[in-house]
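The values are calculated or read from the model by the stated rules, or taken from the named source; none is laboratory data. Bear in mind the structure is a predicted one, so any value in this text is a computation, not a measurement. Cβ: placed from backbone, ideal geometry, glycine included. Neighbour counts: every protein chain shown. We work out accessible area using only protein heavy atoms, side chains counted, and drop any ligands, DNA or RNA first. Shrake-Rupley method; radii C 1.70, N 1.55, O 1.52, S 1.80 Å.
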Amino acid sequence: MSEKTALPEYADTLAAFHRAFRRELCRAVRAVPLTSGAAVLDVPCGDGFYSALLARRLRPFGKVTAADRSDSYLSAARTAVAAVGDSAAVEFVKADAYHLPFDDAAFDVTWCAQSFISLEDPVRALMEMRRVTRPGGSVAVLEDDDLHRVVLNWPVELEMELRRAAVAASAAKYGSRAALSPARRMRQFLSDAGLTPRGKKTIAADRLAPFGPAVRRFLRLHLRDTRAYLTDFLKPAALAALDRAIDPDHPESLLKRPDATVTCLTTLFIAGR
Ligand SMILES: C[S@@+](CC[C@H](N)C(=O)[O-])C[C@H]1O[C@@H](n2cnc3c(N)ncnc32)[C@H](O)[C@@H]1O
């Protein structure tokens with residue numbers, strides 16, 4: 001994949017997640033301690049979903065700096081922010097999260113959402129976020145734990161097989177069983193970076209069948225990604241059960257069952273500088 005020409009493979013699923021759970025994600029942004037004139041860094045900003053929400057919260061005097069190393073994502077972020085009419089309040093900067101091109105203490109708040117799988121050295125990245133945040137300011141991290149991020153009411157046996165396979169896949173692909181679970185290690189990461197963990201708030205988004213189009217799209221992409229990631233680590237019976245859950249025409253499918261439910265869990269950590 002070229003940084004200049006393509007968004008990462010997860011981009012569609014992440015965008016679908018934003019759309020399906022926008023209400024709850026707005027609530028997470030509202031829980032960040034912010035005053036209207038604040039200077040906020042959103043890093044990495046990805047498609048600008050949170051940059052736009054932060055800019056709206058800071059109206060009319062605040063300023064968001066949206067930073068990412070990907071030109072494609074910066075371009076998508078510009079489009080997202082322009083679409084809600086907040087371009088004047090957001091500056092876009094191409095930047096490496098480990099070497100931010102900003103002065104010490106330049107921001108009141110630094111916001112970082114769902115990026116600690118991409119940022120392989122979380123403590124080094126958090127130390128850099130700490131550097132650019134003013135003393136007395138905050139670093140706000142929105143993260144999740146892949147083992148219980150998307151909670152579905154499918155058969156218990158399938159759930160247990162998927163969890164076992166997820167741990168094995170993480171160890172094989174990333175060299176660590178906890179690689180996809182940044183939220184469960186976040187408090188330690190924050191402390192190790194010299195920040196003071198102040199609060200943790202888990203945001204639960206519940207949806208019941210019949211799901212609307214945004215939730216259906218997110219589930220389809222999420223289940224497709226889950227299958228691709230776990231195929232080599234699942235026993236044949238579990239893979240067959242997963243395929244039945246994914247197939248929208250199968251009566252056991254979560255996309256068809258009238259009693260299907262989904263809960264998405266994501267956690268906001270606030271740390272003081
Ligand atoms: C999973 S996305 C999350 C984006 C956004 N915060 C969101 O929640 O939608 C991870 C982002 O990290 C960016 N990224 C990865 N490594 C980076 C680095 N070293 N410096 C800056 N951005 C980086 C990618 O380009 C991508 O936009």
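Here region 12-61 is the region considered, the condition is being more than 15 Å from the ligand (Cβ to nearest atom) and open to solvent by less than 10 Å² (accessible area, probe 1.4 Å), and the residue that is nearest to residue 224 (Cα to Cα) is 58. Close contacts from region 56-83, counting a first residue that is closer than 21 Å to residue 109 by Cβ and a second that is among the aromatic types (Phe, Trp, Tyr) and within 10 Å of the ligand (Cβ to nearest atom), with Cβ to Cβ under 7 Å and a gap of 6+ residues or different chains, come to 80/49.
All conditions in (1) within 22 Å of the chain's Cα centre (by Cα); (2) surrounded by fewer than 13 Cβ atoms within 10 Å (Cβ to Cβ) hold for residue 72, with the sole exception of (2). Within region 143-158, is there a residue that is free of Cβ contacts under 8 Å to residues at least 40 places away in the same chain and loosely packed, with under 14 Cβ neighbours inside 10 Å? Yes, because at least one residue in region 143-158 is free of Cβ contacts under 8 Å to residues at least 40 places away in the same chain and loosely packed, with under 14 Cβ neighbours inside 10 Å.
Among the residues of region 44-62, the ones that are closer than 22 Å to residue 117 by Cα and either in a strand (DSSP E or B) or out of contact with any Ser or Thr (no Cβ under 7 Å at 6 or more places or on another chain) (or both) come to 6 in all. Cβ-Cβ contacts under 7 Å between residues 6 or more apart (or on different chains), taken from a first residue in region 11-26 that is of a type in the set (Val, Ile, Thr) to a second residue that is part of a helix (DSSP H, G or I) and away from the ligand (no atom under 12 Å from the Cβ), are listed as 13/221; 13/222; 13/225. Quick one: in region 164-186, of everything that is of a type outside the set (Gly, Ala, Ser) and in contact with a helix residue (DSSP H, G or I) (Cβ under 6 Å, 6 or more places away or on another chain), which residue is nearest to residue 149 (Cα to Cα)? So the residue we want is 180. Residues that are under 20 Å from the mean Cα position of the chain (by Cα) and without any contact (Cβ under 8 Å) to a residue 40 or more places away in the chain within region 94-115 comprise 94, 96, 98, listed in sequence order.
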